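To start, the structure itself, in structure tokens.
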Amino acid sequence: MAGLPVEPLLEIDGKNEEKVEDNNDIYINDNNKQSISKGALPVREESDQVGEREMALPPGSSIHRSGSRPQLDLSKAAIQGNPEERDPTILLPNQSDDISHLALDIGGSLIKLVYFSRHEDQSTDDTRKKTVKERLGISNGNRRSYPILGGRLHFVKFETSKINECLDFISSKQLHCSGIECHHWTSDSTANRNTVIKATGGGAFKFADLFKQRLGVSLDKEDEMDCLVAGANFLLKAIRHEAFTHMEGQKEFVQIDHNDLFPYLLVNIGSGVSMIKVDGDGKFQRVSGTNVGGGTYWGLGRLLTKCKSFDELLELSQKGDNSTIDMLVGDIYGGMDYSKIGLSASTIASSFGKAISDNKELKDYRPEDISLSLLRMISYNIGQISYLNALRFGLKRIFFGGFFIRGHAYTMDTISFAVQFWSKGDAQAMFLRHEGFLGALGAFMSYEKHGLDDLRVHQLVERFPMGAPYTGGKIHGPPLGDLNEKISWMEKFVLKGTEITAPVPMAPPGTTGLGGFEVPSSKGGTLRSDASALNVGVLHLVPSLDVFPLLADPKMYEPNTVDLSDHNELEYWFMVLSEQLPDLVDKAVASEGGTDDAKRRGDAFARAFSAHLARLMEEPAAYGKLGLANLLELREECLREFHFVDAYRSIKQRENEASLAVLPDLLVELDRMSEEARLLTLIEGVLAANIFDWGSRACVDLYHKGTIIEIYTMSRNKMQRPWRVDDFDLFKERMLGSGGKKPPPHKRALLFVDNSGADIVLGMLPLARELLRRGTEVVLVANSLPAINDVTAMELPDIVAEAAKHCDILRRAAEAGGLIVDAMVNTLDSCKENSASVPLMVVENGCGSPCIDLRQVSSELAAAAKDADLIILEGMGRSLHTNFNARFKCDALKLAMVKNQRLAEKLIKGKIYDCVCRYEAAQVEWL
Amino acid sequence: MDPAEVRNEEIPQASHLALDIGGSLIKLVYFSRNDNSHTDDKEQRTLNEGLGVSSDGSCPILKGRLHFAKFETSKINDCLEFIRCYRLHLGGFQHHETPSNKIIIKATGGGAYKFANLFEEELGISLDKEDEMDCLVTGANFLLKEVQQEAFTYLDGHKEFVQIDHNDLYPYLLVKIGSGVSMIKVDGDGKFERVSGTNLGGGTFWGLGRLLTKCKSFDELLELSHQGNNRVVDMLVGDIYGGMDYSKIGLSATTIASSFGKAISDNKELEDYRSEDISRSLLRMISNNIGQVAYLNALRFGLKRIFFGGFFIRGHAYTMDTIAVAVHFWSKGEAKAMFLRHEGFLGALGTFMSYGKQSYEGLSVDQATQQFPMSLSHAGDKIYCPLSQDLNDSIECSVYATQHHS
């Protein structure tokens, strides 16, 4: 037995290159025979990259239109970039979001869909970007290096028994029109008969005819194991918080080193259980399995209890006591442990073993106890067999997936316990957040050139809009994308009564794996809050994101300073955010003109965000590892979800204007000072101006008491060194030197700016000006999307332009940086004349949050960082909540006023309005 | 016990009782001397002395039979009655050092602790607890080494005895399927380790079976499984793949993908299923699982042989077949499941052997087996009679009683 022949590995290579002629993107076969190369998918990243040359449609090409065909809108189609280039990308700026890719996993009980949609939010064509790109040497050609489309991966489920709803959904979203073959529409009008959609699961065979009949598409069957493995590999490599352990109710995310992922054991618990040894992409072997799986649990459970659904059975187990049915070691040994062989009295000696000796009948047992006993029996067994197989092949990691688990804490605990027990602590069970979607994702991956293989973890952002994952059938989330329906869904939700605390992602019953088990009809209209529900968001694929290159140790970097796994912290911030909510809703509604529609959306937003908070209070790790930054970003995303583009728009504008009005006086005052005094005053100014923060309750209260300028003056007057954290002298020495030696100026400084108004205008701009004056290039780094009253990269050029009117230094630098090139557009000479100045530039940071996760920043920021040797992080969000402990390869200055008593105590053992001026000289890499 | 005393006393009909009190069954092993044991004994003694064996005269040979009996633990009173009736408890030994002059009976199993007081009260005997695993292993080692035609394989209804080379017995995996399942790696006499186990055992079969069917006994449930068809209840690979094999991963259409997996999709209720089918499905589920876990453990420790014992099997052909098939399937034919004829009595037998520590050097078996006299099972109207003929074997043996005490 020791020398068992090993079954040859099932080597699964990529699909036959010749099998599918074309890639899965929009493809126009124009007269110039320009086509898209197989290797690189065209990217419609930003519409500002549209070349000047309009591409006239070839006269012969007609658009095939039929009721069920994609309605490609070719108006304004244009070749992107240089048409001389091979395989230029073709842009269809007017094509709607609906062109996407769809893959299915049709199990016995659930149909899982994964589909891709492009980003709908295209940033507008602004000169800033163009010039920044030129400046930073980001050529348009660079986008070719993005192997994938920017877009979103959506996860959707339907009950197999309601397959028609699934077909309707696909049809209404025209998802089937994006299959690979349909791009031949220009040349082949009969192409719709050839549309092919990747599918896996037993139902891919069973329902092939139905799909053909209803949607006119063929299902291309992908092997189930292939898909499972491909899905798992993708998730484990691309999603940061995918795998977690679950012991005694505690969920803990595990950081997997991508280079050390293989080999691992993948245990997929569907109706039955498959155990797959995975050695690499497409390299795996089904080494074992067991017929005692999810189907056994539900099958036996259904016979033994009167439960009508898997979830009902599972829920019962939570109130069960298995000791009434199971024979425990203690029952045999009269309450004693059999410690000699390490069995405690509560160890199950024999599942259902007590059902023998009693005179009780089935009806005398509580269904709760039966359910728990069954659950433990099956979970325990799966854990044991998995461990034995892992041991056999020397596998360090065991990942459990499949719909049997469905995030159910007790199931995970039991499996974990079994693995730990049998391995004596050497092995750990791990679980996957997207457990139910492995197969569907894998099927999606099987499309040629989907590019997902090349996707890296920093290019993926997961968002949690209401109702994601969309769930078909009677219980379903709000229709994706349709705001109005989403709002009414939220409203209905509230009507459902008080028992609903968290309408966020609910998992319907079902499974993947060997066919999946048939599941119970839906629970009708009952929407429930389920702590065990699966939480899967929408995956945003953002190929333009990068890791900030100046992080000293990207692997060890953790953005969050406040870890919300501490329940007290969570409670506190939960309270803070809840308190701020009404005010935020008011602002948001006002920003949209206070219309009835805006009010409705405001209510829906408030409910949705409260629901998220409630959900997270219940299970902090529901959406992955939770830090304060995630919570703050969630709020902004939630606002955007209900189409509040910029809640603080008017406030920001007002404050900018007020601050710009006093800027000239400030600059005059500064210029009168000595260099040394000026530096101190500038830093004081930044700290003082940082008081304007609508994210802080304390500051919002201040606003009611005085004008912006009054507050600023007051704040300035309170500036007294030493600050709570005061490295100013170190910074000054680096800037001005000591003992008569003047150090060289920094080459380029990245200034991560915070709030609009005084903060940027009276604090950061004067500091930027000082750096410019000293010959340091300055890059203002601002948010890509609005967050509270933070200034955005879009708004900055106007602010700078306005400030430049009163200041030559700023004007010349802004011109050099191309920020106000428009103003000078007809005086080329003046451009030349001013080119002596170092440039002032603006880049977007890639986020829409008050905090910043430096593992995921815009590619333009990453490019700008390459030559930078000084970073200034300003404000609570970016230098305290996040990055307080971050270390950089270059000099870093962190400036913030602490506007929160608790944070002040926790972080700097200080009090509210204390200041932080932390300076850390470059960490030399070889140290 | 002084051998001289034994000879001079009136020998009880049966003596040297040992008990294995498990969660669901009580197993008894006791020794009875042959009717003509006195003469035999003398002849043997004379012979031995003539041959110079045991020249010190301290090695009496008691010829007789080992008897095996079992009771449901829930009916422990029947067992007590049986013991009382046959005066088996008098066959224990009186420990000289015991001041109360109490009779001490060797016992193992969890019930040896749980029911100690009951035996004390009812029979006035004190249970001397022997470790369960020790007893199991001792019992198995004894059977495998001393009893011919003890181990056999079972495949496709064919029972085939396996000749075990005593010198090549160790290490092996002993799988004891009682209410729960213990898996023990045995490296020699008294050298073993419980390496694994599973909570899906005989208790699970009978417990679930009792809840799902109206069967009144384990054996009835087992009997039903003969007529069952598990396809009605189990989800097979073919059910998922529209009748096709999933040949790529080596699963045939008839492989069970999910035990009881069909019970979900139908609109049927429990009453709509035949007890026979349920029993069959349960049996396959549990046997399969035990076979798999056992194989994985054997593999892990590089053990060539797996012996299955314990009362779950009780010589039931289909059970053995399923276990054998599971081992065969998972080992791809490399490993074979083996069964023991006295599977249910390993613990009791081992307990019996433990008397040797005090008073007997050991047992040897002259002659294989004979049928258990049926009269014995008539001992009381309530007394449980073992069903399986195979289990009624008594072993004719000689007990060499050697005084080792100083």
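The values are calculated or read from the model by the stated rules, or taken from the named source; none is laboratory data. Quick caveat, the model's predicted, so the values are computed rather than measured. Here the Cβ positions follow ideal geometry from the backbone for every residue, glycine too, while neighbour counts run over all protein chains shown. Please note that ligands, DNA and RNA were not included when accessible areas were found on the heavy atoms of the full protein model with its side chains. Shrake-Rupley method; radii C 1.70, N 1.55, O 1.52, S 1.80 Å.
What tally of residues in the stretch B:300-329 results from selecting those that are at the interface with another protein chain (Cβ under 8 Å from one of its Cβ atoms) and buried (at least 22 other Cβ atoms within 10 Å of the Cβ)?
Filtering the stretch B:300-329 down to residues at the interface with another protein chain (Cβ under 8 Å from one of its Cβ atoms) leaves B:300, B:302-304.
Keeping just the survivors that are buried (at least 22 other Cβ atoms within 10 Å of the Cβ) gives B:303.
Looking only at that region, the number is 1.
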Residues of the stretch B:204-218 being within 17 Å of B:T319 (Cβ to Cβ) and open to solvent by less than 20 Å² (accessible area, probe 1.4 Å), in sequence order, are B:T204, B:F205, B:W206, B:G207, B:L208, B:G209, B:T213, B:C215
Cross-chain or 6+ apart pairs with Cβ under 8 Å, the stretch B:102-120 first and free of Cβ contacts under 8 Å to residues at least 40 places away in the same chain, then assigned to a helix (DSSP H, G or I): B:I103/B:H89; B:I103/B:L90; B:F119/B:L80
Can you give me the number of residues within the stretch B:186-212 that are farther than 30 Å from B:K145 by Cβ and more than 7 Å from chain A (Cβ to nearest Cβ)? 2
Among the residues of the stretch B:260-280, count how many are among the small types (G, A, S) and facing chain A (nearest Cβ under 9 Å). 3
Answer yes or no: is there a residue in the stretch B:168-186 that is over 30 Å from A:K221 (Cα atoms), in contact with a Pro (Cβ under 9 Å, 6 or more places away or on another chain) and in a strand (DSSP E or B). yes
Tell me yes or no: at least one residue of the stretch B:233-243 is farther than 30 Å from A:E224 by Cα, of a type outside the set (A, V, I, L, M), within 14 Å of chain A (Cβ to nearest Cβ) and surrounded by fewer than 24 Cβ atoms within 10 Å (Cβ to Cβ). no
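Being within 8 Å of another protein chain (Cβ to nearest Cβ) and more than 17 Å from the chain's Cα centre (by Cα) narrows it down to one residue among B:K332, B:K336; which is it?
Only one candidate passes the filter, namely B:K332.
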Scope the stretch A:744-758; condition farther than 15 Å from A:F888 by Cα and within 29 Å of the chain's Cα centre (by Cα); matching residues: A:V753, A:D754, A:N755, A:S756
How about the stretch A:350-383: which of its residues are assigned to a loop (DSSP other than H, G, I, E, B) and at the interface with another protein chain (Cβ under 10 Å from one of its Cβ atoms)? A:S351, A:F352, A:G353, A:D358, A:N359, A:K360, A:E361, A:Y365
In the stretch A:195-215, what residues are touching a residue at least 24 places away in the same chain (Cβ under 8 Å) and of a type in the set (F, W, Y)? A:F207, A:F211
Might you let me know whether the stretch A:760-782 holds any residue that is more than 15 Å from A:V686 (Cβ to Cβ) and either part of a helix (DSSP H, G or I) or free of Cβ contacts under 8 Å to residues at least 24 places away in the same chain (or both)? yes
Taking A:S784, is it closer than 30 Å to A:L584 by Cβ, among the hydroxyl-bearing types (S, T, Y), modelled with pLDDT of 90 or more and open to solvent by less than 10 Å² (accessible area, probe 1.4 Å)? no
Any residue that is open to solvent by less than 10 Å² (accessible area, probe 1.4 Å), at pLDDT 80 or above and out of contact with any strand residue (DSSP E or B) (no Cβ under 7 Å at 6 or more places or on another chain) - is there at least one of those in the stretch A:174-183? no
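If I filter the stretch B:168-181 for residues that are more than 9 Å from chain A (Cβ to nearest Cβ), free of Cβ contacts under 8 Å to residues at least 12 places away in the same chain and open to solvent by 10 Å² or more (accessible area, probe 1.4 Å), do I get at least one hit? Show your work before the answer.
First pass over the stretch B:168-181, keeping only residues more than 9 Å from chain A (Cβ to nearest Cβ): B:168-177.
Those still in the list that are free of Cβ contacts under 8 Å to residues at least 12 places away in the same chain too: B:168.
Filter again for open to solvent by 10 Å² or more (accessible area, probe 1.4 Å), leaving B:168.
Within the stretch B:168-181 (the criterion being more than 9 Å from chain A (Cβ to nearest Cβ), free of Cβ contacts under 8 Å to residues at least 12 places away in the same chain and open to solvent by 10 Å² or more (accessible area, probe 1.4 Å)), the answer is yes, since at least one residue qualifies.
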Of all residues being closer than 30 Å to A:R600 by Cα and among the hydrophobic types (A, V, I, L, M, F, W, C) in the stretch A:644-681, which is surrounded by the fewest Cβ atoms within 10 Å (Cβ to Cβ)? Just the residue, please. A:V645
Residues that are open to solvent by 40 Å² or more (accessible area, probe 1.4 Å), closer than 23 Å to B:G178 by Cα, modelled with pLDDT under 85 and not assigned by TED's automatic domain parsing to the domain that holds B:L66: does the stretch B:345-353 have at least one? no
Suppose we filter the stretch A:197-220 for residues that are within 14 Å of another protein chain (Cβ to nearest Cβ) and over 32 Å from the mean Cα position of the chain (by Cα); how many remain? 6
Could you list, in sequence order, all residues of the stretch A:258-294 that are outside any strand (DSSP E or B) and either acidic (D, E) or surrounded by 23 or more Cβ atoms within 10 Å (Cβ to Cβ) (or both)? A:D260, A:G270, A:S271, A:G272, A:D281, A:N291, A:V292, A:G293, A:G294
Going through the stretch B:246-274 one residue at a time, which ones are outside any loop (DSSP other than H, G, I, E, B), in contact with a Gly (Cβ under 9 Å, 6 or more places away or on another chain) and at pLDDT 85 or above? B:I256, B:A257, B:S258, B:G261, B:K262, B:A263
Report, ordered by the first and then the second residue, all pairs with beta carbons closer than 7 Å, sequence separation of six or more or different chains, a first member in the stretch B:127-141 that is open to solvent by less than 20 Å² (accessible area, probe 1.4 Å), and a second member that is of a type in the set (F, W, Y) and modelled with pLDDT of 90 or more. B:M133/B:F192; B:V137/B:F192; B:A140/B:F307
Does the stretch A:310-317 include one or more residues that are within 9 Å of another protein chain (Cβ to nearest Cβ) and out of contact with any Lys or Arg (no Cβ under 9 Å at 6 or more places or on another chain)? no
